[in-house]
């Protein structure tokens, strides 16, 4: 280990050194991790000094020097941006619903509002729409004020609109069923022109749809979704298809009754009904990703009994995009973030300079097209369930993909100058997506995993080193799991990071994100509510 008196490195001392043990003569991990926590303040180079600090010292730093913001728990733990968006969307719908029920109680606004929310719910998950959201919201320059960039980077919370519109559609639809049922049972005429009333068929279909909507929303509740995710996914998908099909039938029956009541043709009643056109938009939004369903070849690279790397070349990939893959198109689907493949042996690639003025990547390190679209790229699959375990034990030659590649939460981090990436286990896979992006910020990686070289291979370790200077790699197989929060706190201060990005399990992610957000430091992670 480097002598702190003769080096500008800050080394995490025993018993838990952040050093990845060498696996062979070509293993550069140990030598690079001799400088684990580097005191680096580029804007003030005269302030660089030698420090030696132990994990015991770090773990003693339980409180940040910055005070917590007022109502921090409510703002960042209870009413997250996702839930705020959900609340705003739902309350706006609720206010409009109350107004319609109190002032008019007409059936047409109820069915049209239901269709509007169903379309918005579907579009909020469409890959093209999601990519546009990220592209527009995260287009701010880095010269913009930090508070604006901080808010823009929360674009990943768009799922609040999806769930808000989905829940609101149930409210509108329940109102529609209630009014239609009253008109049916009291034999109230649909129109003042004739005495025609609703027939039995649309009322029966309406109640079936109402039950299905209730089932779909109940299984989408976060507690159920986390405990029985496979059942949620299948129920959510097939129920939504069935609801859409029945809704088309309902609109046809509804328009037929209205046409008879107003002495007009079915065609005229349909084209003058907004819900009909909205349903067409909903069908297109849902069908489009499935029209792009393809069985594509993959090359596999077994990293260890716990992880496998899948290589794709069927389509180019750009920064912070991921793919949905499945072994059977009608069963469970899994999303993974992609990262570019190197075009040459990693041993021949130079480490990127640590000076902020230097290039962000070694020239020619990636295959043609990486500047905008990387032609050859990979995902890392780590054992975390039946599907991943089967993928590792029985490497596939082909997988199914649907829709376009979709941007993820990492895209918003382009808005910052310097960031800390905190991850555990196979969470390093999505983080590698920063490679090949010429606009990526300066990055410091803090990665905790079990036996990184043995589990993920030296190639992945080298890719981690290309992300930024002196990554901190914590080997849990040797030192056990440690609290990463004190280390991340220190790195935020020393690296002068503007934001923290966390990819880990829900408890660790929520803990670290809340800790920094509550102290005024932007922090981001996967949206587990979505």
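The values are calculated or read from the model by the stated rules, or taken from the named source; none is laboratory data. All values reported here derive from a predicted model rather than from experimental measurement. Glycine gets a Cβ as well: all are built from the backbone with ideal geometry, and neighbour counts include every protein chain shown.
Yes/no matrix, rows are residues, columns are (1) surrounded by 20 or more Cβ atoms within 10 Å (Cβ to Cβ); (2) at pLDDT below 85; (3) not in a loop (DSSP other than H, G, I, E, B):
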| residue | (1), (2), (3) |
| --- | --- |
| 347 | no, yes, yes |
| 379 | yes, no, yes |
| 400 | no, no, yes |
| 413 | yes, no, yes |
Set 507, 486: member being within 22 Å of the chain's Cα centre (by Cα), in a helix (DSSP H, G or I) and closer than 26 Å to residue 80 by Cα | 507
Would a scan of segment 469-484 turn up a residue that is closer than 12 Å to residue 420 by Cα and touching a helix residue (DSSP H, G or I) at 6+ places or on another chain (Cβ under 6 Å)?
-> yes
So residue 85, is it within 14 Å of residue 165 (Cβ to Cβ) and free of Cβ contacts under 8 Å to residues at least 24 places away in the same chain | no
Given the conditions (1) modelled with pLDDT under 90; (2) in a strand (DSSP E or B), every one holds for residue 448 apart from (1)
Would you point out which residue out of 125, 135, 150 is within 30 Å of residue 408 (Cβ to Cβ), in contact with a helix residue (DSSP H, G or I) (Cβ under 9 Å, 6 or more places away or on another chain) and not in a helix (DSSP H, G or I)?
-> 125
